[in-house]
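A short reminder: the numbers here are calculations on the coordinates, not readings from a lab. Remember, predicted model here, so these are calculated numbers, not experimental data. Cβ sites come from the backbone with ideal geometry, for glycine too, and all protein chains shown count toward neighbours.
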Amino acid sequence: MRPPVDRLRIHYFLVKLGIEFRHPVRLYLVGGTTLVYEGLRHQSLDIDIHYEIADDHESAFAQMIRRLKDDLQINVEMASPGDFIPLPAGWKERAKFVGRFGQIEAFHFDLLSTSLSKIERGREGDYQDVLSLLNSGLINLTDLRTAYNDIMPRMERQSLKRDPERMKSHFAAFEQMAFKHQL
């Protein structure tokens, strides 16, 4: 079992990746990785990423990540809110720039998408993560509701994996929690 990652280990991973990989990549930090990097959580079990890269370099990039996982003794997983929910309009434009590491431009995946995917799972820890994002000012409830309203019609017609009624229930429960938390 590899040890959890903290902000320093995530940053070191990005630096090493930027030094060793010499082709353009748009890399997104996802989920708990963002929370740790932004100081809203102390650690995560792994570094969750999503990336965009030219087809010619994808295999070399995947090999580099596998090597760094072993060299740095960290878990790195491919993950995206889009694996769990339809992504709300404008998600790419809302990605928050983290930094440039060599040819790698690192961003936080759209925090509204991240929040909605956590709400969809409906776990207490996920709700707490979204509350942390709200309390930090990185997202607000009005924008979260707008993104929720954007994805729900597509969730109802496109998703066989996810139950739209469950998402409605989870979002209502989260809104109640957020309201109580603000009192």
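Just a few scattered comments:
- Under 5 Å from the amide H of ASP48 lie the amide H atoms of VAL30, THR33, GLU77, each residue being 5 or more positions distant or on a separate chain, with H modelled from the backbone and absent for Pro and chain starts.
- Bridging of LYS118 to lysines at a Cα separation below 17 Å is possible for LYS161, LYS168, once same-chain residues fewer than 8 apart are set aside.
- When Rg and Dmax are taken over the Cα atoms of region 31-183, they come to 16.3, 53 Å.
- Placing pseudo-labels 7 Å out from each Cα toward the beta carbon at GLN128 and PHE179 gives an inter-label distance of 2.4 nm.
- DSSP assigns beta bridges within the chain; of those with both partners inside it, close to 60 percent run antiparallel.
- Relative contact order %, region 113-182, counting alpha carbon pairs below 8 Å whose residues are six or more apart: 38 percent
- For the listed peptides 24-31, 108-115, a ranking on the average number of other beta carbons within 10 Å per residue, highest first, reads 108-115, 24-31.
- Span from the region 120-183 Cα centroid across to the region 29-95 one, whole angstrom: 21 Å
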